[in-house]
Amino acid sequence: MEALRETGISFRENEPFSKHTTMGVGGPAAVMAFPRSADELRTTLRVRGELGVPHRVLGGGSNLVVVDEGLDELVINTESLKSVAMSEDGAITAEGGANLIRTVVSCCRAGWRGLESACGIPGSVGGAAVMNAGAYGFSISDVMTDIVVYDEDGERRQPPEGWRFHYRGSSIPEGSAVAQITVQLRPDDPAVLEKETGELSRQRTKSQPGGRNAGCVFKNPDGGQAGRIIDDLGLKNTRVGGAVISPRHANFVVNDAGAKAGDVLGLLDLVRERVQREAGVDLELEVKVWRPRA
């Protein structure tokens, strides 16, 4: 904390993760830093490295469950790094903390096609890059042309193929921070894009739950859909404490009544065990779980 004070980096002590995750669960971070620029992000990572402090990088918190005991670590929150710049040739550069949905909407309104399938995916641009987020057969790496990643050694800038993007993942190391990405879009009629994104949003509203959730909790297994497998076993509405399998989409867990992280994780374990035993399928978590390091 003293090092952060000396460098002018904003931070909070014992900051609850429940305030910074879409699931709304999780205990406190010992220290949560809020860099306000790329330089401050780089400085925070450098200071962390010099002190040898354990740390994690937090984006929009949309694909994350943090245990109730919290983490005795430095957490670097990128929410203030949210600028988006559009060039005349359709190259869109966004800082890692930029909200993905707002970025997609802005691009569509400006007449740029390529990101519209991501119009309903919550979270940050940086988090979307790390997880290679997508929907309807689209992944953000499909349109990415450049990515800047910071760690304690400084800046690593290279084309996307250097990060081995794959289905809902990449080789970007945990603890590194996506400072910015650039995507290459193509021109189209804003009215057409608005109609398409409106229809996609209606589809999502119809098929996916609202409320506090972390998005799809399991990856789709080869040749199947996790939600359908869970639904076929009659597990919709299954509850552990305040956490419940959504009656609208079985691959969503909703914080229905003041759930704790323990409720969510207990429900995930229950579902995985039932699916493995009764359907013979080993479901892999899509949602990230942060626990204290061993």
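Rule-based calculations on the coordinates, nothing more; no lab input. Model, not experiment: these values are computed from the prediction. Ideal geometry is used to build each Cβ from the backbone, glycine not excepted, and the neighbour counts take in all protein chains shown.
A few notes on this one:
- A simple spin-label model places pseudo-atoms 7 Å from Cα toward Cβ; at V289 and D188 they are separated by 3.8 nm.
- Cut-off 18 Å (backbone N to label point 7 Å along Cα→Cβ of D232), residues of the stretch 272-294: 272-284
- Estimated FRET transfer efficiency when R0 is 41 angstrom, pair R12-R277 (beta carbons, to 0.05): 0.40
- Counting DSSP beta bridges with both ends in the stretch 1-154, the antiparallel % (nearest 5): 60
- Taking amide H as placed 1.01 Å from N in the peptide plane, the amide H of V289 sits under 5 Å from that of V65, each at least 5 places away or on another chain.
- Applying the Karplus relation 6.51 cos²θ - 1.76 cosθ + 1.60 with θ = phi - 60° to the stretch 157-172 yields 3J(HN,Hα) values of 10, 7, x, x, 4, x, 10, 6, 5, 8, 4, 6, x, 7, 9, 5 Hz, where x marks Gly and Pro.
- Altogether, the Stokes-Einstein calculation at 25 °C and 0.890 mPa s, with the Kirkwood radius of the stretch 223-290 over Cα pairs as Rh, returns a diffusion coefficient of 205 µm²/s.
- Exposed loop sites were defined as GluC sites (Glu not before Pro) in DSSP loop states (anything but H, G, I, E or B) carrying at most 12 other C-beta atoms within 10 Å; in the chain the longest segment without such a site runs 175-283.
- Among the chymotrypsin sites (Phe, Trp or Tyr not before Pro) found in the stretch 95-192, those both in a DSSP coil and sparsely packed, with 13 or fewer other Cβ atoms within 10 Å of their Cβ, are Y136, Y167.
- Derived scalar couplings between HN and Hα for the stretch 226-240 equal 4, x, 5, 4, 5, 5, 4, 8, x, 8, 4, 6, 5, 10, 10 Hz in order, rounded to whole Hz, by the Karplus curve 6.51 cos²θ - 1.76 cosθ + 1.60 (θ = phi - 60°), x for Gly and Pro.
- For the chain, the convex hull spanned by the alpha carbon atoms encloses 128 Å³ per residue.
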